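**Q** My structure is below; once you've seen it, I'll send some questions.
The values are calculated or read from the model by the stated rules, or taken from the named source; none is laboratory data. Predicted model only: the values in this text are computed from it and were never measured. Please note: Cβ atoms are built from the backbone with ideal geometry, for glycine as well, and neighbour counts cover all protein chains shown.
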Amino acid sequence: MKKVLGFLILSLLLNSISYADSFRIGQKINNELKITRHFKIPLSSGDWEVVRRQTMSAWGIKQRIIGIVKLKNNEIVEMIEVYDGELRGKRISDIDQAINEIVFKNKYDGCYDRPEYYHLELFRKGRVHNCLIVRHWDTEKELYRPDDPEYKGVAWLYRNWISENSITFPKISLTSEHSYFSRHSGGNWYRVIYVMNPKLLSAPKNKYYGEENSEYHKFNIENYPNHKKIMNKWMSISSKRHIEFENYNKAKKTHKLNLNQFILDFDNVKKSRNDENITEQIIELNKLYKEGILTKEEFEKAKKKILN
């Protein structure tokens, strides 16, 4: 029974089964992707298109996957794929065991440390898991030569859409995966994968495109400081998204990841730089005043202008 349940869940995650009624292939979406009444993923401005939609229901288990893509000049710039599993049916213990095997015992991928991951943050206790994976993709490999042979069904869905519409894609993509499951929050399992073209972060060009050779690989990135800045920015964006993801899942405080350490506060950095600039200007004005070049009235007037 456990193997059958595991197969049902894994089949939807990896293969084309049937189609969800609430979305249709080719549908345009703006502003947000509404998964449930409470789970809504904000979208960057522009048109997003539904590329993948699947659903499956058996033994009280309801599952669906929605994949959407955003294009610019007919090139993929962003992708989001969401798995929504309502796993409150019968044989809960077997279902939980099947999830555990999929998440932690898949030899090709999963929520455990792997060489190709830039960073992994994980909380795991009993049947509860909360996982964030940040990494880069060799996009062509993921589409045409995925490590997991069972993933070829999913890769074909995207590859076929790309071919039919003459779409181009970045050779290297930045990705993050967010996964949370707990019986304490209703028994839904959500997994969200974000994919971004590094161009959107004004990233430097790549010279190396293989998964292991890429500048973004954690074993290479120290040699490429500009790429490291982009990856740290992606880590910050992904951390903010994961905090929102935890909130959508109503994750217990004890289940949450400590992600504040990875968040870059760009507003504060900008403010700090502005403050430093203001201080330097006032010091220079004061110097001119003491040297007699500026009168006290001129000094006060210029200082007031800087501070305002």
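**Q** Taking residue 120 and the conditions (1) modelled with pLDDT under 90; (2) surrounded by fewer than 18 Cβ atoms within 10 Å (Cβ to Cβ); (3) not charged (D, E, K, R), which numbered condition does it fall short on, given that it satisfies the others?
**A** Among (1) modelled with pLDDT under 90; (2) surrounded by fewer than 18 Cβ atoms within 10 Å (Cβ to Cβ); (3) not charged (D, E, K, R), residue 120 violates only (1).
**Q** Can you spot a residue in segment 224-246 that is β-branched (Val, Ile, Thr) and farther than 13 Å from residue 135 by Cα?
**A** Taking every residue of segment 224-246 in turn, at least one turns out to be β-branched (Val, Ile, Thr) and farther than 13 Å from residue 135 by Cα.
**Q** Within segment 145-173, can you find the residues that are more than 16 Å from residue 70 (Cα to Cα), part of a helix (DSSP H, G or I) and in contact with a helix residue (DSSP H, G or I) (Cβ under 7 Å, 6 or more places away or on another chain)?
**A** Correct list: 150, 151, 153, 154, 155.
**Q** What residue, among those in segment 174-201 that are part of a loop (DSSP other than H, G, I, E, B) and surrounded by 16 or more Cβ atoms within 10 Å (Cβ to Cβ), is nearest to the chain's Cα centre (by Cα)?
**A** Ranking the candidates gives 197 first.
**Q** State which residue pairs qualify: first residue of a type in the set (D, E, K, R) and inside segment 90-111, second residue part of a helix (DSSP H, G or I) in any location, beta carbons under 7 Å apart, and separation of 6 or more residues or different chains.
**A** Qualifying pairs under 7 Å: 91/5; 94/2; 94/5; 101/6.
**Q** Here's a follow-up. Looking at this structure, is residue 40 at pLDDT below 90 and under 30 Å from residue 199 (Cβ atoms)?
**A** Criteria met by residue 40.
**Q** How many residues are outside any loop (DSSP other than H, G, I, E, B), of a type outside the set (S, T, N, Q) and closer than 23 Å to residue 152 by Cα when one looks only at segment 93-130?
**A** Result for segment 93-130: 7.
**Q** Follow-up question, since we're still on this one. Out of the residues in segment 202-248 meeting the condition of being buried (at least 19 other Cβ atoms within 10 Å of the Cβ) and of a type in the set (Gly, Ala, Ser), tell me which one is nearest to residue 44 (Cα to Cα).
**A** Filtering segment 202-248 for residues that are buried (at least 19 other Cβ atoms within 10 Å of the Cβ) and of a type in the set (Gly, Ala, Ser), the one nearest to residue 44 (Cα to Cα) comes out as 238.
**Q** Got a sec? Which helices (runs of 4 or more DSSP H) wholly within segment 203-308 have at least 2 residues that are modelled with pLDDT of 90 or more, at negative phi and touching a strand residue (DSSP E or B) at 6+ places or on another chain (Cβ under 6 Å)?
**A** Counting at least 2 such residues, we get 225-248.
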